[in-house]
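Participant: One structure, as structure tokens, below. Some questions next.
The values are calculated or read from the model by the stated rules, or taken from the named source; none is laboratory data. No experiment lies behind these values; they were computed from the predicted model shown. When we count neighbours, we look across all protein chains shown, and the Cβ atoms used for this are built from the backbone with ideal geometry, even at glycine. Accessible surface is based on the protein model in full, side chains and every heavy atom, while ligands, DNA and RNA are left aside. Shrake-Rupley method; radii C 1.70, N 1.55, O 1.52, S 1.80 Å.
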Number of protein chains: 2
Amino acid sequence: MLSLVEENYLKAIYHLSEGGHLQVSTNALAEAVHTKPASVSDMIQKLDRKGVISYTKYQGVKVTDEGKEAALKVIRKHRLWEVFLVKHLNFNWDQVHEVAEQLEHIRSPLLIERLDAFLGHPNVDPHGDPIPDATGAINTKPQKQLQQLSPGSEGVIRAVKDSSPEFLQHMDKLGAYLGAQIKVMDKVAFDSSMKIRIDRATTIFISKEVAQNILVQEN
Amino acid sequence: MLSLVEENYLKAIYHLSEGGHLQVSTNALAEAVHTKPASVSDMIQKLDRKGVISYTKYQGVKVTDEGKEAALKVIRKHRLWEVFLVKHLNFNWDQVHEVAEQLEHIRSPLLIERLDAFLGHPNVDPHGDPIPDATGAINTKPQKQLQQLSPGSEGVIRAVKDSSPEFLQHMDKLGAYLGAQIKVMDKVAFDSSMKIRIDRATTIFISKEVAQNILVQEN
DNA sequence: AATTATTTTTAGATTAATCTAAATTACAGT
DNA sequence: ACTGTAATTTAGATTAATCTAAAAATAATT
């Protein structure tokens, strides 16, 4: 069982290593967790002993499979709470991080599965980052701004960057919602506005500003 | 600023002193927070220095006004989370405590005010205990067993003593719920059973046993 | 390749919260 | 008022997480 502090180190290692690929240096980790390198040296030896990272002196660390699983559990909790805060408590997406940093450490498997269901099993957080499922599986298809797609390509709306009431109301008006199937019909080079088709039904025009604030996953 | 551990001590002192009235002994407190008396001795000296309790050696402790305020903030959070867990995440009454013990320590004034609004500003938790408002004010009208009321008096159901599924199902069947308006129509001296009217609508009979397990607040 | 600079690790201290064991104080019953 | 028991406090250790300062290893530069 990891302490709250150990969880934070592990999560930082996971993020800095971009999902477990790169080696993470002591100094980089110290900055990420706001401690001194000496403290990190101590801690990574403990985490190595616990089996969640592999560490060789002076060579930095990597998460093990076990560590990755633990990190993803914390990340899952963090992102689910963010969804809750934005969707139900009207937080802005730039206000949620600090609170989610605390909520992510609450220990209750039941709580997190119920929260997931309550939120409708979302697969992205308010920033568009994917939410790992209960097994740790993560949807790895990257999310792009709708504005970046070229005519002819299709995808699904996964998130919005701007979650202000004004923007959400506008989305409503357009008939655009999380999960909606969209296809880019045309793109105006001059102002980057677009013509898109929603759910193979209605065709609408959207401005560059709107297209930048909609995150999609290409098919 | 109090640590999480200090908050737990303070909350325990508040509860054991029944809202700040009685002196709390070292041993009682040790049992409540699952530590040894020696640890309590250390901690209460620290809490005294911090000004949240007043302590004289060998005489036990009492919360100060400042301490009471801090304790009520934690209790407010605890009970609001309990409401959330039961009403929105389908927890049972007996499952919420452990999780709420963790959630009560989350630090974010914005979060707790938004949660309060989201829940519709409830004034009792799922066990019927009153929820202090943001200023710490608590509904202080005492709760009585319904059985203690005399014919003619009216009140609101605030809690149940027995929260077993059997009893709750019986409550449902009777149409009695937390917050229901009730009026005592008649009382049988012989067996202490009662005739009561719920929400000025339906009139029912309840046994002494049932009337003892329903807590009401008189109007 | 040698020297300097940077990064990382170790050694030794510190703080918060806890414990056991021993000492002290309060209380209760004769 | 005395004495034994119970409650409480102190003393000294322990554990987790941190720090500073110094030592060791690696990397960079001439």
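Participant: Go through the range B:179-200 and give me each residue that's under 12 Å from B:Ile157 (Cβ atoms) and surrounded by fewer than 16 Cβ atoms within 10 Å (Cβ to Cβ).
Facilitator: Scanning the range B:179-200 gives B:Gly179, B:Gln181, B:Asp199.
Participant: Taking A:Glu66 as the residue in question, decide whether it is in a helix (DSSP H, G or I) and away from DNA strand D (no atom under 12 Å from the Cβ).
Facilitator: Numbers: in a helix (DSSP H, G or I): yes; away from DNA strand D (no atom under 12 Å from the Cβ): yes.
When the stated conditions are applied, A:Glu66 passes them.
Participant: Of all residues in the range B:1-21, which are at pLDDT below 95 and not small (Gly, Ala, Ser)?
Facilitator: Residues satisfying the conditions are B:Met1, B:Glu18, B:His21.
Participant: With away from chain A (no Cβ under 14 Å), within 30 Å of A:Phe84 (Cα to Cα), open to solvent by 70 Å² or more (accessible area, probe 1.4 Å) and more than 12 Å from DNA strand D (Cβ to nearest atom) as the only criterion, which of B:Lys73, B:Lys11 stands out?
Facilitator: B:Lys73
Participant: Consider A:His127 against the criteria (1) open to solvent by less than 70 Å² (accessible area, probe 1.4 Å); (2) touching a Leu at 6+ places or on another chain (Cβ under 6 Å): it satisfies all of them except one. Which criterion is unmet?
Facilitator: A:His127 satisfies every listed condition except (2).
Participant: Sticking with this structure for a sec: Would you mind finding the one in A:Gly152, A:Gly136 that is at pLDDT 90 or above, among the small types (Gly, Ala, Ser) and not assigned by TED's automatic domain parsing to the domain that holds A:Lys195?
Facilitator: A:Gly136
Participant: If you take the residues of the range B:46-59 that are within 26 Å of B:Pro130 (Cβ to Cβ) and within 13 Å of DNA strand D (Cβ to nearest atom), which of them is surrounded by the most Cβ atoms within 10 Å (Cβ to Cβ)?
Facilitator: Among them, the one singled out is B:Ile53.
Participant: What residue, of B:Ala71, B:Ala38, B:Ala30, is in contact with a Lys or Arg (Cβ under 8 Å, 6 or more places away or on another chain) and without any contact (Cβ under 8 Å) to a residue 12 or more places away in the chain?
Facilitator: Selected residue: B:Ala30, the only one of B:Ala71, B:Ala38, B:Ala30 that is in contact with a Lys or Arg (Cβ under 8 Å, 6 or more places away or on another chain) and without any contact (Cβ under 8 Å) to a residue 12 or more places away in the chain.
Participant: If a residue must be within 15 Å of B:Gly128 (Cα to Cα) and polar (S, T, N, Q), how many such residues does the range B:84-94 contain?
Facilitator: So the answer is 1.
Participant: Here is a further query. Looking only at the range B:15-45, count how many residues are farther than 16 Å from B:Ala71 by Cβ, open to solvent by less than 80 Å² (accessible area, probe 1.4 Å) and either among the charged types (D, E, K, R) or not in a helix (DSSP H, G or I) (or both).
Facilitator: The total comes to 2.
Participant: Let me ask you something else. Within 14 Å of chain A (Cβ to nearest Cβ) and of a type in the set (D, E, K, R), is that true of B:Arg158?
Facilitator: no
Participant: Turning to a different aspect of this structure: In the range A:76-113, which residue that is in contact with a Ser or Thr (Cβ under 9 Å, 6 or more places away or on another chain) and either open to solvent by 20 Å² or more (accessible area, probe 1.4 Å) or charged (D, E, K, R) (or both) is farthest from the other protein chains (Cβ to nearest Cβ)?
Facilitator: Only one residue fits best here, namely A:Trp93.
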